[in-house]
Amino acid sequence: MEKKMSESYTVKTSNVMPPDTNNHHTLYGGRLMAYIDDVAAIAARRHSRSKVVTASIDSVDFLEPIHLGDVVILEALVTHTGKSSMEILVKVSKETLENGTDKKLAAFSFLTFVALDDDLNPLEVPGLIPDNERLKWLDETGEERSEHRRHRRERSKALREFFATDLFD
């Protein structure tokens with residue numbers, strides 16, 4: 001079974017309030033990462049119609065600061081699938097409502113989620129049908145990103161062995 005990419009599309013919008021900001025009056029990076037993980041999980045659940053778990057978060061590229069009083073808009077959708085894994089793109093925009101400026105791309109990230117059955121075992125997910133040529137490109141280039149993640153995971157496993165002992169031993 002396959003599903004259109006648009007079926008997983010999810011939007012989350014929030015005001016940036018004082019508790020969300022650092023001493024520069026910009027959104028905490030960690031707060032934004034929590035928003036990204038949340039909206040990506042919803043997109044993954046929409047696609048798989050199952051429980052999901054975050055398997056990896058690629059780098060979060062912060063392109064514009066998001067200031068106190070801005071509105072942050074996160075758009076997520078499944079862009080590539082494996083057997084039980086789903087790659088989700090999260091696009092983050094900011095908007096300053098008071099001065100009427102256009103939305104600006106503030107950050108983006110790719111995350112990988114794994115679908116789980118009721119016993120928390122990996123569950124096969126539907127394939128993807130891109131809705132347009134731009135989305136088709138995301139799906140077609142997804143395998144390259146997936147391969148990069150596999151290599152990164154292998155390096156992480158090697159580092160796990162390195163860090164298994166105290167650094168000063």
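Taking S14, is it part of a helix (DSSP H, G or I), more than 14 Å from the chain's Cα centre (by Cα) and among the polar types (S, T, N, Q)?
Answer is no for this residue.
Suppose we keep only residues that are among the aliphatic types (A, V, I, L, M) and not in a helix (DSSP H, G or I) within segment 132-169. Which one would you say is modelled with the highest pLDDT?
So, considering only residues that are among the aliphatic types (A, V, I, L, M) and not in a helix (DSSP H, G or I), the one modelled with the highest pLDDT is A164.
Check H80 against each of (1) surrounded by fewer than 16 Cβ atoms within 10 Å (Cβ to Cβ); (2) under 20 Å from D139 (Cβ atoms); (3) of a type outside the set (A, V, I, L, M) and name the one condition it does not meet.
It is condition (1) that H80 fails.
Could you identify the single residue in D119, D102, D61, D139 that is of a type in the set (D, E, K, R) and touching a helix residue (DSSP H, G or I) at 6+ places or on another chain (Cβ under 8 Å)?
Working: D119 fails: touching a helix residue (DSSP H, G or I) at 6+ places or on another chain (Cβ under 8 Å); D102 fails: touching a helix residue (DSSP H, G or I) at 6+ places or on another chain (Cβ under 8 Å); D61 fails: touching a helix residue (DSSP H, G or I) at 6+ places or on another chain (Cβ under 8 Å).
Being of a type in the set (D, E, K, R) and touching a helix residue (DSSP H, G or I) at 6+ places or on another chain (Cβ under 8 Å) holds for just one of D119, D102, D61, D139, which is D139.
Would segment 24-46 turn up any residue that is in a strand (DSSP E or B) and over 19 Å from L97 (Cβ atoms)? Quick ask: steps written out before the conclusion?
Taking segment 24-46 and keeping what is in a strand (DSSP E or B), we get 26-27.
In the following step, the residues that additionally are over 19 Å from L97 (Cβ atoms) were identified as none.
Looking through segment 24-46, none of the residues is in a strand (DSSP E or B) and over 19 Å from L97 (Cβ atoms).
Of the conditions (1) crowded, with 16+ Cβ neighbours inside 10 Å; (2) within 13 Å of the chain's Cα centre (by Cα); (3) farther than 28 Å from L120 by Cα, D61 fails just one. Which one is it?
Unmet condition: (1).
Which pairs do you get when a residue that is farther than 19 Å from V60 by Cβ, found in segment 82-100, comes within reach of a residue that is at pLDDT below 95 and polar (S, T, N, Q), reach meaning Cβ atoms under 7 angstrom, with the pair 6+ apart or on two chains?
Qualifying pairs under 7 Å: G82/S146.
Looking only at segment 117-146, how many residues end up being within 17 Å of T54 (Cα to Cα) and acidic (D, E)?
4
Is it the case that segment 3-22 has a residue that's of a type in the set (V, I, T) and surrounded by fewer than 17 Cβ atoms within 10 Å (Cβ to Cβ)?
Scanning segment 3-22, I find at least one residue that is of a type in the set (V, I, T) and surrounded by fewer than 17 Cβ atoms within 10 Å (Cβ to Cβ), so the answer is yes.
Scanning for something more than 19 Å from D37 (Cα to Cα), β-branched (V, I, T) and either part of a loop (DSSP other than H, G, I, E, B) or modelled with pLDDT of 95 or more (or both), does segment 102-124 turn up at least one residue?
Checked segment 102-124: no residue is more than 19 Å from D37 (Cα to Cα), β-branched (V, I, T) and either part of a loop (DSSP other than H, G, I, E, B) or modelled with pLDDT of 95 or more (or both).
Going through segment 28-56 one residue at a time, which ones are farther than 19 Å from P126 by Cβ, touching a Ser or Thr at 6+ places or on another chain (Cβ under 6 Å) and among the hydrophobic types (A, V, I, L, M, F, W, C)?
Scanning segment 28-56 gives I36, V39.
The values are calculated or read from the model by the stated rules, or taken from the named source; none is laboratory data. These numbers were taken from a predicted model, which means no experiment stands behind them. Cβ sites come from the backbone with ideal geometry, for glycine too, and all protein chains shown count toward neighbours.
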